[in-house]
1. Yes or no: T106 polar (S, T, N, Q), at pLDDT 90 or above and surrounded by 12 or more Cβ atoms within 10 Å (Cβ to Cβ)?
2. Out of the residues in the stretch 47-64 that are modelled with pLDDT under 90 and either of a type outside the set (G, A, S) or touching a Cys at 6+ places or on another chain (Cβ under 9 Å) (or both), state the one that is farthest from D25 (Cα to Cα).
3. Inspect all residues belonging to the stretch 67-79 and state whether any of them is modelled with pLDDT of 90 or more, in a loop (DSSP other than H, G, I, E, B), out of contact with any Ser or Thr (no Cβ under 8 Å at 6 or more places or on another chain) and on the phi < 0 side of the Ramachandran plot.
4. Are there any pairs with C-beta distances below 7 angstrom linking a residue in the stretch 37-48 that is more than 15 Å from S81 (Cβ to Cβ) to a residue that is assigned to a loop (DSSP other than H, G, I, E, B) and not basic (K, R), with the two at least 6 apart or on different chains, and if so which?
5. S99 is checked against (1) closer than 11 Å to L28 by Cα; (2) surrounded by fewer than 20 Cβ atoms within 10 Å (Cβ to Cβ); (3) in contact (Cβ under 8 Å) with a residue 40 or more places away in the chain and fails just one. What number does that condition carry?
6. When you scan the stretch 20-71, how many residues do you find that are crowded, with 19+ Cβ neighbours inside 10 Å and acidic (D, E)?
7. Mind counting the residues in the stretch 81-107 that are charged (D, E, K, R) and part of a loop (DSSP other than H, G, I, E, B)?
Amino acid sequence: MRLAGSLVCVLLLLLGAGALKAQSDAWLGVKLEVVEQADAKKLGIDGGLKVTRVDAKSPAADAGLAVGDIILSAGEDSITSIEQMGKIMGAKQPGDMLSLGCGAPTGATSR
């Protein structure tokens, strides 16, 4: 399992409004966990967030994110913690665009 630089893709997400949240909250529709340091080293990355769930009919699903993908960046920022992603999402509104740099440990790039 290795993420090579050529496997990184950029997804543009049109953020939705969370069904159970206030309409002003942007919603991505994924569950994430931090990539552990040992796993990051094996993959040849500095860190990132692993997608562990993608909600059906979510902006993430519409953009082609899949379980196992690793989010490496959001906008211009490298992402290595849930807190970083929370701050970025907190600054967004439903309907905003967000670019995500991501890779798949399997080497798949078809999205």
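The values are calculated or read from the model by the stated rules, or taken from the named source; none is laboratory data. Predicted model, so just to flag it, every value in this text is computed and none were measured. Heads up, the Cβs are rebuilt from the backbone with ideal geometry, glycines too, and the neighbour counts pull from every protein chain shown.
1. Against the criterion (polar (S, T, N, Q), at pLDDT 90 or above and surrounded by 12 or more Cβ atoms within 10 Å (Cβ to Cβ)), T106 does not qualify.
2. G64
3. Looking through the stretch 67-79, at least one residue is modelled with pLDDT of 90 or more, in a loop (DSSP other than H, G, I, E, B), out of contact with any Ser or Thr (no Cβ under 8 Å at 6 or more places or on another chain) and on the phi < 0 side of the Ramachandran plot.
4. K42/M1; L43/M1; L43/L3; L43/P105; G44/L3
5. Of the numbered conditions (1) closer than 11 Å to L28 by Cα; (2) surrounded by fewer than 20 Cβ atoms within 10 Å (Cβ to Cβ); (3) in contact (Cβ under 8 Å) with a residue 40 or more places away in the chain, the odd one out for S99 is (1).
6. Number of matching residues: 1.
7. 2
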